[in-house]
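Reviewing the structure listed below.
The values are calculated or read from the model by the stated rules, or taken from the named source; none is laboratory data. Computed from a prediction, not measured in an experiment: that's the story for all the values here. Ideal geometry is used to build each Cβ from the backbone, glycine not excepted, and the neighbour counts take in all protein chains shown. Note: areas computed on protein heavy atoms with side chains; ligands, DNA, RNA excluded. Shrake-Rupley method; radii C 1.70, N 1.55, O 1.52, S 1.80 Å.
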Amino acid sequence: MYVEFDRDTCVGMFQCVAEWDAFEKNLNDGKADLAGSEEEDEDLFVVEVPDGEELDAKFAARSCPVDAIEVYDDDGEQVV
Ligand code: SF4
């Protein structure tokens, strides 16, 4: 399972930070940072979800008011 984070869309509401430790507040930018992620495209960050953190990642995605977080299974199917 992996997460795509569209940091350009992020408006820094930080609900995701409360749901999953991988999301951290970046108060300088007014946006979240996704720990351990790689920038796959401009402002699009991708990270593999560690075992046991799948639920937290899904809750983070659901909590985002601007849908900046998407969760995909290993087949590339979007699950959130
Ligand atoms: S919940 Fe969405 S808008 Fe808020 S910080 Fe997280 S990714 Fe950004």
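Within the stretch 42-59, work out how many residues are among the aromatic types (Phe, Trp, Tyr) and touching a strand residue (DSSP E or B) at 6+ places or on another chain (Cβ under 7 Å).
Residues flagged as among the aromatic types (Phe, Trp, Tyr) and touching a strand residue (DSSP E or B) at 6+ places or on another chain (Cβ under 7 Å) within the stretch 42-59 amount to 1.
Evaluating Phe5 against the criteria (1) open to solvent by 40 Å² or more (accessible area, probe 1.4 Å); (2) of a type in the set (Phe, Trp, Tyr); (3) in contact with a strand residue (DSSP E or B) (Cβ under 7 Å, 6 or more places away or on another chain) leaves one unmet condition, (1).
Gly12 falls short of the stated requirement of being near the ligand (Cβ under 10 Å from one of its atoms), free of Cβ contacts under 8 Å to residues at least 60 places away in the same chain, out of contact with any strand residue (DSSP E or B) (no Cβ under 8 Å at 6 or more places or on another chain) and at positive phi. Could you check, for the stretch 15-32, whether at least one of its residues is open to solvent by less than 40 Å² (accessible area, probe 1.4 Å), within 8 Å of the ligand (Cβ to nearest atom) and out of contact with any Asp or Glu (no Cβ under 8 Å at 6 or more places or on another chain)? The answer is yes, given that some residue of the stretch 15-32 is open to solvent by less than 40 Å² (accessible area, probe 1.4 Å), within 8 Å of the ligand (Cβ to nearest atom) and out of contact with any Asp or Glu (no Cβ under 8 Å at 6 or more places or on another chain).
Taking the stretch 36-80 as the range and being within 15 Å of Ala18 (Cα to Cα), open to solvent by 40 Å² or more (accessible area, probe 1.4 Å), within 15 Å of the ligand (Cβ to nearest atom) and not in a helix (DSSP H, G or I) as the test, only Pro65 passes. The set of residues from the stretch 54-78 being over 10 Å from the mean Cα position of the chain (by Cα) and within 12 Å of Thr9 (Cα to Cα) comprises Pro65, Val66.
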